[in-house]
Amino acid sequence: MKAVGARLPRYDGLAHVTGRTTYVDDVRVPRTLWTKALRSPHHSARIASLDTSRAEQHPGVRAVVTHEDVPKNVYGHLEALGVPGDEPLLAEGEVRYRGQPIAAVAAEDEATAREALELIEVEFEEREPLFDIRKAFDPGAPTVHEWGPAFPHFGPHDHRRVRKGDVDAAFERADTIVEGVYRPGAIEHVPLEPQVALVVPEADGRLTIYSCTQAMYFSMGVVAQHLQLPLNRLKFVGGTVGGGFGGKVDTASETIAALLAVKAGRPVKWRWTREEEFLASSTRAPWHIELADAVTKDGWILGRRTLTLHDAGAYTRFSSYGLTKHAFHHSGAYTIPNVHFDGYVLYSNRVPTTAMRGFGVTSVSYAVELHMTRIAEVLGIDPFELRLRNANRIGDTTPNLVVLKDPSTVPVMLAAAERVGIELAPEYRAMTSEPRSGELLPEHLAGAVSRTNGKEAG
Amino acid sequence: MNLTVNGVEARLVSPPLASLLHVLREELGVTSPKAGCQQGGCGACTVLVDGEPRRSCLVPLATIEGARVTTVEGLGRPDDLAPVQAAFHEGYAAQCGFCTSGMLIAAHAYVERGGTDERGAILEALGGHICRCTGYAKIVAAVSAAARGDVATQAVEASYEPVPGEPEVLVKGSPA
């Protein structure tokens with residue numbers, strides 16, 4: 001414990017300030033080939049024909065790969081956890097987002113690889129894309145996947161559900177219903193280090209993979225599945241990441257580089273340009289969140305109805321997981337005894353979305369906090385007081401029935417009020433996280449509080 | 001073509017329009033300048049050319065025949081850091097480290113020119129250098145410390161010696 005509170009130098013600090021940290025792009029291996037990918041110029045199109053023969057014959061080109069070269073082309077990032085895969089490594093038959101890789105070339109240098117891309121002949125039949133997920137269920141809306149507009153594998157449902165208490169009764173009893181629509185947008189991570197991988201075929205038949213991934217064992221599993229190789233044929237070298245923020249949880253460059261390295265029998269590096277990062281790397285998802293709260297005029301939230309639409313982009317990746325976290329956190333840092341939540345993961349012809357700093361939770365927190373302030377405005381109540389009254393206490397239960405042992409809402413709100421110089425009334429300033437009683441335990445919350453105040457979870 | 005890179009003379013065979021960044025990284029193996037955007041937009045490739053900070057991705061080799069080029073490798077070594085390097089290390093101003101080389105070069109040029117710890121002037125000197133780990137506050141504080149000369153050029157060392165009698169659990173009721 002002596003490290004807690006001590007001022008220790010960063011273990012990698014000296015290397016950083018002397019320019020000696022070795023990132024993937026700094027690794028030098030003789031005879032390394034350069035990679036360029038042919039990416040879809042269309043948001044949605046059928047691939048009518050694909051011919052790489054001229055590119056293969058171009059001087060200096062050592063390997064060209066398409067979907068035909070991938071042992072298992074369709075896989076999913078959560079397939080190991082039982083979520084069916086839906087994403088091809090290289091597009092086969094159709095493209096679903098602009099920038100989707102269709103073919104890749106490994107050549108002696110960058111310029112040759114770029115020239116070879118020009119020699120790949122591909123014909124598209126362009127289709128109308130879907131960008132607005134609110135229109136996904138409309139009759140005649142463009143189709144992204146043949147199975148329907150939504151991710152269909154939430155148990156027996158095509159959406160994530162949370163049901164707790166009696167929401168209809170709460171809305172009957174309410175003095176006011178406060179509604180709001182919140183739409184946090186997509187965000188590109190923009191790590192300073194663009195996506196990059198270096199794959200070296202070793203003499204013993206193994207592949208050494210220098211990776212910028214944030215998720216080594218995820219990436220190892222993804223490469224092993226697509227290439228249908230046992231894990232002991234893959235040696236991952238990683239841990240030095242030039243910024244990720246969630247964007248490097250996806251296995252974006254390693255697998256295609258590995259495929260090319262195997263085919264060429266040479267080391268292969270694939271470093272994306274900044275333009276490719278913005279065009280084709282995954283983003284934080286855009287969301288559409290509708291909230292309706294049943295509230296009393298003295299500032300209690302009796303119930304909440306939620307409809308959430310999550311824009312996955314063209315493929316699922318981690319979206320179903322993100323939506324599940326979103327569902328569990330949809331009452332925010334507050335206790336709401338009656339909730340009814342429906343959340344859909346919908347597909348669009350945008351770039352696939354992925355992890356980014358608390359994804360799923362940040363979107364719903366944004367919506368909930370704006371909504372709390374809206375409720376306070378509608379009721380004419382101080383927004384701090386509204387939050388403090390409804391704030392989680394020890395023994396309160398979350399929408400997914402977790403009994404809280406150490407909620408932090410009250411001390412955080414009190415500290416925030418103090419720091420920004422807001423003068424709270426004495427009864428609010430005296431509040432703590434202790435189990436509800438007296439005025440803080442009105443009738444509508446009686447059934448929502450654990451009788452043992454969470455102590456059984458000890 | 002000839003350059004002096006970190007005090008060492010180099011004869012180069014790259015084409016005249018090759019970027020200085022490419023020459024440093026791919027021909028000379030000097031990898032501290034990073035290819036963050038290769039469009040002059042991020043600052044991670046910044047080096048000193050005859051003492052002036054330049055975006056090496058935008059400098060064609062032919063335009064700097066005979067120049068003196070300095071990268072972070074040429075500023076100081078782990079046991080003999082330049083003031084800005086020591087300040088960044090002490091002040092935790094490098095997180096992922098990818099923007100750090102460019103930041104250090106810009107900061108070093110600023111301090112060498114006699115730049116002060118005035119915040120506005122430091123922000124001006126670091127203009128166009130992007131950090132996405134959002135370490136700007138610590139970076140500006142480190143440059144400010146270097147400008148004041150408020151740094152020890154010998155880096156702090158961590159001690160991992162056990163402390164006798166240290167309790168296992170410091171917080172009552174901790175599950176640890």
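All of the numbers you see were taken from the coordinates with simple rules; none came from a lab. Remember, predicted model here, so these are calculated numbers, not experimental data. Here the Cβ positions follow ideal geometry from the backbone for every residue, glycine too, while neighbour counts run over all protein chains shown.
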Fewest first, what order do A:401, B:20 take by the number of other Cβ atoms within 10 Å? A:401, B:20
Cα→Cβ-extended label distance, 7 Å offset, between residue A:427 and residue B:2, nm: 8.6 nm
With at most 16 neighbouring Cβ atoms within 10 Å, loop GluC sites (Glu not before Pro) (DSSP) excluded, longest segment of chain B: B:1-64
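Please find the FRET efficiency linking residue B:12 to residue B:112, where r is the Cβ-Cβ separation and R0 is fixed at 30 Å, and quote it to the nearest 0.05.
Working: r = 26 Å, r/R0 = 0.88.
The formula returns an efficiency of 0.70 here.
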For residue A:366, placing the label point 7 angstrom along Cα-to-beta-carbon and taking the range A:258-298, residues whose amide nitrogen sits under 15 Å are A:283-291
Under 14 Å from a point placed 7 Å out from the Cα of residue A:176 along the Cα-to-Cβ direction: which residues of the range A:262-303 have their backbone N that close? A:293-302
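When a footprinting reagent is the concern and you count Cβ atoms within 10 Å, what order do B:110, A:210 take, fewest first?
Numbers: B:110 21, A:210 25.
Going from sparsest to densest Cβ surroundings: B:110, A:210.
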Applying the gyration tensor rule to the Cα atoms of the protein assembly as shown (axes a ≥ b ≥ c; rounded if a/c under 1.5, else prolate if a/b exceeds b/c, else oblate), the class is oblate
Residues residue A:48 and residue B:27, FRET efficiency given R0 of 51 Å [Cβ-Cβ distance, rounded to 0.05]: 0.75
When the dipole is taken about the Cα centre of the range A:278-318, and only Lys, Arg (+1) and Asp, Glu (-1) are charged at their Cβ, what size is it in debye, to the nearest 20? 100 debye
So, in nm, how far is label residue A:378 from label residue B:137 when the simple model puts each one 7 Å beyond its Cα toward the Cβ? 3.5 nm
Rounded to the nearest 5, the percent of DSSP beta bridges in the protein assembly as shown running antiparallel is 80 percent
Given axes a ≥ b ≥ c from the Cα gyration tensor, I'd like to know whether the range B:83-148 is rounded (a/c under 1.5), prolate (a/b larger than b/c) or oblate. prolate
How would the range A:1-104 be classified by its alpha-carbon gyration tensor: rounded, prolate or oblate, with rounded meaning a/c under 1.5 and the a/b versus b/c comparison settling the rest? oblate
Taking the Cα centre of the range A:237-300 as the origin, how large is its charge dipole in debye, to the nearest 20, when only Lys and Arg (+1) and Asp and Glu (-1) carry charge on their Cβ atoms? 540 debye
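Report the calculated FRET efficiency for residue A:114 and residue A:141 (r = Cβ-Cβ distance, R0 = 25 Å), to the nearest 0.05. Present the calculation step by step, with values, prior to reporting the outcome.
Details: r = 37 Å, r/R0 = 1.49.
With a Förster radius of 25 Å, E is 0.10.
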If you find the alpha carbon centre of the range B:39-102 and of the range A:159-175, how far apart are they in angstrom? 59 Å
Give, in nm to one decimal, the length gained when the segment between residue A:92 and residue A:28 is fully stretched (0.36 nm per residue of separation minus the Cα-Cα distance). 19.7 nm
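If the only charges are +1 at each Lys and Arg Cβ and -1 at each Asp and Glu Cβ, what is the size of the charge dipole of the range B:83-148 around the Cα centre, to the nearest 20 debye?
On the way: 5 positive and 5 negative charges, 28 e Å.
Charge dipole of the range B:83-148: 140 debye, to the nearest 20.
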Label zone at residue A:233 (point 7 Å along Cα-to-Cβ), backbone N below 20 Å, the range A:193-211: A:198-211
Out of B:28, B:48, B:126, a Gaussian network model of chain B with alpha-carbon springs under 10 Å gives the largest mean-square fluctuation to B:28
